[in-house]
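Before any comments, here is the structure.
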Amino acid sequence: MEIAAKFNPAEVENKWYQTWIENNYFSSHPDHRKPYTVVIPPPNVTGVLHMGHMLNNTIQDVLVRRARMMGFNACWVPGTDHASIATEAKVVAKLKAEGIDKASLSRKEFLDHAWDWKEKHGGIILEQLKKLGASCDWDRTKFTMDDEMSESVLKVFVDLHSKGLIYRGARMVNWDPKALTAVSDEEVIHKEVQSKLYYLNYKIEGSDNEFVTIATTRPETILGDTAIYVNPNDERYTHLKGKRVLVPLINRSIPIIYDEYVEMEFGTGALKITPAHDINDYNIGIKHNLESIDIFNPDGTLNENAQLYVGKDRFVVRKEIVRELKEKSFLQKEEDYTNKVGYSERTDEVIEPKISIQWFCNMQEMAKPALEVVMDNTVSFYPEKFKNVYNHWMSNIKDWCISRQLWWGQRIPAYYLPNNEYVVAMTIEEALSIAQQKFPELNLKISDLRQDEDVLDTWFSSWLWPISVFDGIRNPENEEIKYYYPTEVLVTAPEILFFWVARMIMAGQEYVKEIPFRHVYLTGIVRDKQRRKMSKSLGNSPDPIELMEIYGADGVRAGMLFSSPAGNDLLFDESFCEQGRNFSNKIWNAMRLVKGWEVDEKAEQPDYAKTAVQWFENQINDSLVQINEAFDKYRLSDALMMVYKLIWDDFCSWYLEAIKPPYQKPIDSKTLRQTLDFFDTLMHILHPFMPFITEEVWHILDEKNEGKSIMVSKMPEPKPVDAKILAAFELARQIIMNVRAVRQEKNLPQKDLLELKINDHNSEFSEDFNAFIGKLANLSSIEIVDTTIPNASAFRVDKLECFIPLEGKIDVESEIKKITEEVTYLEGFLKSVMQKLSNERFVNNAPKQVVEVEFKKRDDALAKIEILKDQLKQLDK
């Protein structure tokens, strides 16, 4: 068959992915084999592929493909997340662009629009993952709002409520004025910002010239103040006991309260208390039974309770109220101030603390076993350092606000009755039955029940993901949950360690009495060369689809992994993808070279080829051991680099060069067959990392592979390694490189045959490699001697003293001059090193490694000088 001169990734990728799909190679069903299960971290249904997805899903695919080749029943479950806040925002924006206001729609009408949008845009990211080569079982694709998935979520809500772990109450929550919903503590990102600290004078009630000064970063909230707080030990305020102050501008009379909670050193030592709009003030308000005045509308504008600036946005009011306070002499001064402000992780809106009736999930009891299994390594983290972060979070866990003021999501299955009571049930019919039994006197009908308007936090469905994808909540005894659960490894990002990983462990312990995964591989953040996080706003995030069009999917996969150690940030550079593409081209060209050789069926296998085959067989097995160890530790970047060096350096640069037949001569059939076997093995080892080119090359290598696939063939297992052969090759490699260096240094043409004489000084040099060395170094002979050789270039390899006779090949006088100059330079260098080492202060006080470097410089210089002086002696003879 004719082999294309260049590798065409696009053509190969489409062909093989279609073949894999048509042959159901990604499909998995319970059988006698050991399962290897991975559930995809479901991307938002709103999403398109970005560099973080590329990294995460490449890692998952590498692990799954390798497991499949190692005989496991590999099952990779794909799916998407309904992403309540993000999706609802997109649908609202789409409707707005069409001139439709969400407020004008009924809940059903809005949800019809949302489902239409999901059906149109929801599958984009999964289709993009196919271009990457993701070997997911696509028949298992799940969406967190599929009917059976939603039923599982509601079932868990009802169950936890019946256990007393879910409750409803008025609490201070994190309110997102843009999304118009509460968000959990974990969904708030605290950013350091440059603010102003405003010093405001509160007039003492009944006094014309006495006042208390407080410092605040939020002057707009004074309109909700209900007390001033001071420390009873603060002598500045002891005379004010029993007094009240007037809130500036509105003259509301509020008490001065004394409590040791107040830090006398902060600001003026006096605090304004606004229970409705600050979590600390809220707790103080409860302690002292203070009035709580909510001055904000849900969208962050001021309401009637504020009395002033009604209907205006909180940040507009901040500017205007400062101006009015200044004009009316209430503003004493303002200072620059750096503080941390909470922002919504979803909308990047400044969070507004707000008292709201919400649903909460008590996490304390569920957190204990979930912490235990991580700390005792029942669930192993890679890298392990994240156990400390996890421990801190889980040891300080708070109740989870699980209700969201949205329409897109699983609607809370709570039903309110005319008597202000409520019941929780899977359906309204069940709720009616419960309510009728509880309150027979009400003679309730279905029309009397009103379902809660809120939906559940998206994470309340995601935390069940490893269970619900196998229907383990609705049918806990089904075959699939018993076979596939627990999963093997979760690949995710550290920033959702608590959002998702911890909660999945809690849900697993609660509902299956088993951990959801054995290993957690935590990827780093993909950053640019300037260490900035990649984002659309910065314009520093390349389009993954475009990258794959330029470099091929294999090139981009390799490029991502070349620089992605677990848990450490990936400094992405497009040159890594170029390196990946070059690797594909190297493999392609090596395959064309091997397939292009003519064969002499009768020719004997040369000695150099026998040695090369023997060495490379051991090299593959030694590399396999190391690659497997790297996989065991989830060091995928290291594993890929080992495979890369095995193919590029060992196979292409050394093995193929060694066995390559002389120009326009045929190769013997035995060497060719062994070489094709090696190539086959290498493609198997590389396949999990670069699936497309390995499948293509594997089929070209042997026509017997027609109708088969490398992805479901067996991964090679390491055989015993002869360490002596590897050591002998390393000596041979050093000798060859030194001979080549002598050629370059002495300007000796590569075509000229040289002699090599070796004084082995009782080393373990193996003459079995002589033919190999002779071929690659282009030597006419290799002779073992027991003396030095005159008129020769000398070099050392381990204990070997090697000589290349140069008589008649070089200009002796110019060579002597050149070597003499080099000796002079090295002696000067050595003198400077010795001066350092003779300085006791340096040797005793400098870091150990720095001193060791200087000793090594000394030893290297002495060895080089000795060799060069030996060469001068030989040339002088």
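The values are calculated or read from the model by the stated rules, or taken from the named source; none is laboratory data. Every value quoted in this text rests on a predicted model; they were computed, and no experiment measured them. Using ideal geometry, Cβ is built from the backbone for each residue, glycine included, and neighbour counts are taken over all protein chains shown. Keep in mind that these areas ignore ligands, DNA and RNA; they rest on the heavy atoms of the full protein, side chains included. Shrake-Rupley method; radii C 1.70, N 1.55, O 1.52, S 1.80 Å.
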How many residues are open to solvent by 80 Å² or more (accessible area, probe 1.4 Å) and among the small types (Gly, Ala, Ser) when one looks only at region 190-209?
1
Which condition from (1) open to solvent by less than 10 Å² (accessible area, probe 1.4 Å); (2) touching a helix residue (DSSP H, G or I) at 6+ places or on another chain (Cβ under 7 Å) is the one that residue 186 breaks?
(1)
Is it the case that residue 182 is touching a residue at least 60 places away in the same chain (Cβ under 8 Å) and either of a type in the set (Gly, Ala, Ser) or part of a loop (DSSP other than H, G, I, E, B) (or both)?
yes
When region 467-501 is examined, which residues are found to be under 14 Å from residue 515 (Cα atoms), assigned to a helix (DSSP H, G or I) and in contact with a Leu (Cβ under 8 Å, 6 or more places away or on another chain)?
501
Restricting to region 39-50, give me the number of residues that are surrounded by 23 or more Cβ atoms within 10 Å (Cβ to Cβ) and not in a loop (DSSP other than H, G, I, E, B).
1
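Yes/no per residue for (1) free of Cβ contacts under 8 Å to residues at least 24 places away in the same chain; (2) hydroxyl-bearing (Ser, Thr, Tyr); (3) under 30 Å from residue 694 (Cβ atoms); (4) assigned to a strand (DSSP E or B):
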site: 32; (1), (2), (3), (4): yes, no, yes, no
site: 53; (1), (2), (3), (4): no, no, yes, no
site: 59; (1), (2), (3), (4): no, no, yes, no
site: 64; (1), (2), (3), (4): no, no, yes, no
site: 86; (1), (2), (3), (4): no, no, no, no
Determine which member of the set 798, 860 is in contact with a Ser or Thr (Cβ under 8 Å, 6 or more places away or on another chain) and open to solvent by 60 Å² or more (accessible area, probe 1.4 Å).
798
Region 642-666, residues that are touching a residue at least 40 places away in the same chain (Cβ under 8 Å), part of a helix (DSSP H, G or I) and over 31 Å from the mean Cα position of the chain (by Cα):
651, 652, 654, 655, 656, 657, 658, 659
Counting only residues in region 66-84 that are closer than 27 Å to residue 554 by Cβ and not in a strand (DSSP E or B), the one most open to solvent (accessible area, probe 1.4 Å) is identified as 70
One residue is enough: does region 825-836 have a residue meeting the conditions free of Cβ contacts under 8 Å to residues at least 12 places away in the same chain, open to solvent by 60 Å² or more (accessible area, probe 1.4 Å) and over 30 Å from residue 875 (Cβ atoms)?
yes
Checking the structure you have, find out if any residue of region 117-130 is closer than 30 Å to residue 19 by Cβ, modelled with pLDDT of 95 or more and open to solvent by 30 Å² or more (accessible area, probe 1.4 Å).
yes
Of all the residues that make up region 2-28, how many are free of Cβ contacts under 8 Å to residues at least 12 places away in the same chain and more than 18 Å from residue 692 (Cα to Cα)?
1
Going residue by residue through region 552-575, is there one that turns out to be in a helix (DSSP H, G or I), under 23 Å from residue 651 (Cα atoms) and among the aromatic types (Phe, Trp, Tyr)?
no
Is there any pair with a first residue in region 423-446 that is assigned to a loop (DSSP other than H, G, I, E, B) and a second that is open to solvent by less than 50 Å² (accessible area, probe 1.4 Å) and not hydrophobic (A, V, I, L, M, F, W, C) whose Cβ atoms are under 7 Å apart and which are 6 or more apart or on different chains, and what are they?
425/413; 425/415; 426/413
Mind telling me which of the residues 275, 298 ends up being surrounded by 21 or more Cβ atoms within 10 Å (Cβ to Cβ) and in a loop (DSSP other than H, G, I, E, B)?
275
Checking the condition under 30 Å from residue 453 (Cβ atoms) and among the small types (Gly, Ala, Ser), which residue from 67, 93 passes?
93
Is it fair to say residue 866 is open to solvent by 80 Å² or more (accessible area, probe 1.4 Å) and under 29 Å from residue 727 (Cβ atoms)?
yes
Could you say which residue among 142, 178, 163 is among the basic types (Lys, Arg), surrounded by fewer than 18 Cβ atoms within 10 Å (Cβ to Cβ) and closer than 21 Å to residue 508 by Cβ?
163
May I ask you to list the residues in region 1-18 that are of a type in the set (Gly, Ala, Ser) and either touching a Phe, Trp or Tyr at 6+ places or on another chain (Cβ under 8 Å) or not in a helix (DSSP H, G or I) (or both)?
4, 5
Is it the case that some residue within region 236-256 is at pLDDT 90 or above, of a type in the set (Ser, Thr, Tyr) and part of a strand (DSSP E or B)?
yes
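Each row is one residue, and each column tells you yes or no for (1) crowded, with 17+ Cβ neighbours inside 10 Å; (2) in contact (Cβ under 8 Å) with a residue 24 or more places away in the chain; (3) in contact with a helix residue (DSSP H, G or I) (Cβ under 9 Å, 6 or more places away or on another chain).
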site	(1), (2), (3)
701	yes, yes, yes
718	no, yes, yes
728	yes, yes, yes
751	no, yes, no
Where residue 624 falls short, out of the listed (1) surrounded by fewer than 20 Cβ atoms within 10 Å (Cβ to Cβ); (2) touching a Pro at 6+ places or on another chain (Cβ under 6 Å); (3) at pLDDT 95 or above:
(1)
Considering only region 64-112, how many residues are among the small types (Gly, Ala, Ser) and in contact with a strand residue (DSSP E or B) (Cβ under 8 Å, 6 or more places away or on another chain)?
6
Name the single residue that is most open to solvent (accessible area, probe 1.4 Å) among those in region 478-529 being of a type in the set (Asp, Glu) and modelled with pLDDT of 95 or more.
479
Unique residue being closer than 20 Å to residue 586 by Cα, surrounded by 14 or more Cβ atoms within 10 Å (Cβ to Cβ) and of a type in the set (Lys, Arg) when the list is 645, 660:
660
Taking region 393-430 and the residues there that are touching an Asp or Glu at 6+ places or on another chain (Cβ under 9 Å), of a type in the set (D, E, K, R) and open to solvent by 50 Å² or more (accessible area, probe 1.4 Å), the one that is farthest from residue 175 (Cα to Cα) would be 411
Is it the case that residue 377 is modelled with pLDDT of 95 or more and either buried (at least 21 other Cβ atoms within 10 Å of the Cβ) or over 27 Å from the mean Cα position of the chain (by Cα) (or both)?
no
Residue within region 316-338 that is closer than 30 Å to residue 179 by Cα, without any contact (Cβ under 8 Å) to a residue 60 or more places away in the chain and assigned to a loop (DSSP other than H, G, I, E, B) present:
no
